[in-house]
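Everything below concerns the one structure shown next.
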Amino acid sequence: MAKMSPMTAAEIRQSFLDFFQEKQHTIVSSASLMPDAPNLLFTNAGMNQFVPIFLGNAPCPYDPARAADTQKCIRAGGKHNDLEDVGYDTYHQTFFEMLGNWSFGDYFKQEAIAWAWELVTERWGFPAERLYATVYQPGEGDPAETDNEAYQFWSEIFTAAGLDPKVHIVYGGKKDNFWMMGDTGPCGPCSELHVNLLPEAELDPQANRTLVNADDPRLIEIWNLVFIQFNSDGQGNYPPLPAQHVDTGMGFERVTSIIQGTKGFTDFSAVGKISNYNTDLFRPLFDELEKKTGKSYTSTLPAAGATPTEQEKVDIAFRVIADHVRCLAFAIGDGIMPSNLGRGYVLRRILRRAVRYVHSLGIHQPFLCEMVNVLSKEMGGMFPELREKQELIETTIRGEEESFHKTLDRGMALFEDVLKESGQDKLFPGAEAFKLYDTYGFPLDLTQLLARERGLEVDVPGFEKLMGEQRERAKAAQKKTVITVDSGSFDAEATEFLGYDHLDAAGKIEAVQNGVLVVDRTPFYAEMGGQVGDSGEVEINGQR
Ligand code: SER
């Protein structure tokens, strides 16, 4: 008998995993959000944990060589960064789950495409005429060739469904249809599935295809099928890998939003209401926020460029807080702690951003920590680490909240004073942004957010100049440290690590010892705790 209500998020997740188990995939656990790869801030894709297998550096432990899972991902910094967009639309999140299936030198494009179609249309019931597939076609200077093979497989599928492939297949260049984890590593052409969410009256597959990849919430990507064939060296070279693999990633919250927001594909009238945030994944967090603030979540979105209304501000705050709590809880659960460095600082920035939104709802004491329990109840079954580490997560978040609440009010007052006194209506002074950072703990992006809300930009070069001077002062005051290299150890100042954001940098050579160069700053990750150091080139006086 047909099910009357659409599937819950938990049922959708399970049905994805069941489907691929039926196709002989081993179901594996999500990897930690703390990546193994030193060039990543956070685990940002399902394929991260399989990189050594793709590169041929580790054997595939699955027989047949296939796997599927749901992977915890954070995209807030580095190559894939969604932080600034969270709150302002229906689909950006910093933390999300990615459902994926993999072949390690086993099946390739034909099966990956056929199974994606089978799951989405037959098992879940997505209407075929609402689907588009994108296929790689390189632009000038882009790697590899047009993916005629993928085009052919999609063409057969759409034709069999009685649909015109010329309408339902859309070509895309490197930006949309060539997937890379970072600047280096396994990569390849990809083919995405997009879903048309326009109401029945506006449904016209031929006319609507211009909305594919147009950043329009009415026609969105749900699944990315990557055909891993190359290993980018970061210098524009893409040598082929020893074998060809499949890496797919489906946005779990997006798929859930479509299935639930259309009431199981029976109602497409609610355009704009089909939102990741209107699902049972976020509802319990919103319930808690409503209980605490007495305000209601009504899922409004600000119009582009317009100043948000009071209710829109509340809805933005609800989305940001709920997203950021999920991000913080899962990251801390995986041992990534807020700090002043690297990924720890990204986390601290996310937390302070969330605190500011909590504050904007009239709550002036720690509250994010109280939401962890709700999350743990909802998701602790699938991700037991949330329950096991709940106390650590709560205490860490509470401590961070307490310390920032202490300076937030005074920082906000300073911000308002500066606006009044400087008379500026375009640029917020870099020196004041630096003072907010240095004295009140306002990360630059928080000041930028506050400024943007008033239609101002922050003078970032002015801020950076003061930051640089502070770094120099700190360095001068720093004690020498012992640097150990293969050829022995000696005293020097610790090398400043510029990784995550930079792949190259200029630096000063501090010492040369038996063929080892010690520099003052470097984007190269050093060998540490079992991780492998980066390799690359040094250019000195024009010589490499
Ligand atoms: N690696 C691809 C992505 O993240 C598919 O899993 O989109």
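In segment 150-163, the condition of being within 15 Å of the ligand (Cβ to nearest atom) and in contact with a Phe, Trp or Tyr (Cβ under 8 Å, 6 or more places away or on another chain) is met by at least one residue. If only residues of segment 164-201 that are of a type in the set (Val, Ile, Thr) and farther than 29 Å from PRO242 by Cβ are counted, the one that is farthest from the ligand (Cβ to nearest atom) is VAL167.
Restricted to segment 341-452, the set of helices (runs of 4 or more DSSP H) holding at least 1 residues that are in contact with a strand residue (DSSP E or B) (Cβ under 9 Å, 6 or more places away or on another chain) and crowded, with 16+ Cβ neighbours inside 10 Å comprises 342-360, 390-422, 430-440. When GLU290, GLU253, GLU221 are checked against the criterion of being at pLDDT 95 or above and either among the small types (Gly, Ala, Ser) or more than 16 Å from the ligand (Cβ to nearest atom) (or both), GLU290 stands alone in meeting it. Of the listed requirements (1) in a helix (DSSP H, G or I); (2) surrounded by fewer than 24 Cβ atoms within 10 Å (Cβ to Cβ); (3) in contact (Cβ under 8 Å) with a residue 60 or more places away in the chain, HIS324 misses just one: (2).
Pairs linking a residue in segment 20-43 that is at pLDDT 95 or above to a residue that is of a type in the set (Asp, Glu), with Cβ atoms under 7 Å and 6 or more positions apart or on different chains, are ILE27/ASP69; VAL28/ASP69; SER29/ASP69; SER30/ASP69; SER32/ASP334; LEU33/ASP334; MET34/ASP334.
With the requirement that a residue be buried (at least 16 other Cβ atoms within 10 Å of the Cβ), over 25 Å from the mean Cα position of the chain (by Cα) and not small (Gly, Ala, Ser), what does segment 240-264 give you? Show your work before the answer.
Restricting attention to segment 240-264, the residues satisfying the condition of being buried (at least 16 other Cβ atoms within 10 Å of the Cβ) are 241, 243-262, 264.
Still in the list and also over 25 Å from the mean Cα position of the chain (by Cα): 241, 243-244, 262, 264.
Scanning segment 240-264 gives LEU241, GLN244, THR262.
When you go through PRO284, PRO302 one by one, which is the residue that is at pLDDT 95 or above and farther than 30 Å from PHE50 by Cα?
On the way: PRO302 fails: at pLDDT 95 or above.
Of the residues listed, the single one that is at pLDDT 95 or above and farther than 30 Å from PHE50 by Cα is PRO284.
Can you name the residue in segment 29-50 that is more than 14 Å from the ligand (Cβ to nearest atom) and either among the hydrophobic types (A, V, I, L, M, F, W, C) or in a helix (DSSP H, G or I) (or both) and is also nearest to LEU341 (Cα to Cα) among such residues? Explain how you work it out, then say what you get.
Step one: filter segment 29-50 for residues more than 14 Å from the ligand (Cβ to nearest atom), giving 29, 32-34, 36, 38-39, 41.
The next check asks that each one be either among the hydrophobic types (A, V, I, L, M, F, W, C) or in a helix (DSSP H, G or I) (or both); those that pass are 33-34, 41.
Working: LEU33: 17, MET34: 15, LEU41: 11 Å.
Across segment 29-50, the extreme among qualifying residues is LEU41.
Here is a yes/no grid of residues against (1) surrounded by fewer than 18 Cβ atoms within 10 Å (Cβ to Cβ); (2) in contact (Cβ under 8 Å) with a residue 12 or more places away in the chain; (3) of a type outside the set (S, T, N, Q); (4) touching a Gly at 6+ places or on another chain (Cβ under 7 Å):
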{"position": "LYS166", "(1), (2), (3), (4)": "yes, no, yes, no"}
{"position": "ILE169", "(1), (2), (3), (4)": "no, yes, yes, no"}
{"position": "ASP176", "(1), (2), (3), (4)": "yes, yes, yes, no"}
{"position": "MET180", "(1), (2), (3), (4)": "no, yes, yes, no"}
{"position": "ASP183", "(1), (2), (3), (4)": "yes, yes, yes, yes"}
{"position": "ALA201", "(1), (2), (3), (4)": "yes, no, yes, no"}
{"position": "GLN206", "(1), (2), (3), (4)": "yes, yes, no, no"}
{"position": "ASN213", "(1), (2), (3), (4)": "no, yes, no, yes"}
{"position": "PHE227", "(1), (2), (3), (4)": "no, yes, yes, yes"}
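The number of residues in segment 52-89 being in contact with a Pro (Cβ under 7 Å, 6 or more places away or on another chain) and crowded, with 21+ Cβ neighbours inside 10 Å comes to 1. When the criteria are applied in full, LEU449 meets the requirement of being under 30 Å from the mean Cα position of the chain (by Cα), touching a residue at least 40 places away in the same chain (Cβ under 8 Å) and under 23 Å from ASN81 (Cβ atoms).
For ALA243, the stated conditions hold: it is under 30 Å from GLU145 (Cβ atoms) and either in a helix (DSSP H, G or I) or more than 16 Å from the ligand (Cβ to nearest atom) (or both).
The values are calculated or read from the model by the stated rules, or taken from the named source; none is laboratory data. What you see is a predicted model; the values in this text were computed from it and never measured. Methodologically, a virtual Cβ is constructed for each residue, glycine included, from the backbone with ideal geometry; neighbour enumeration extends over all protein chains shown.
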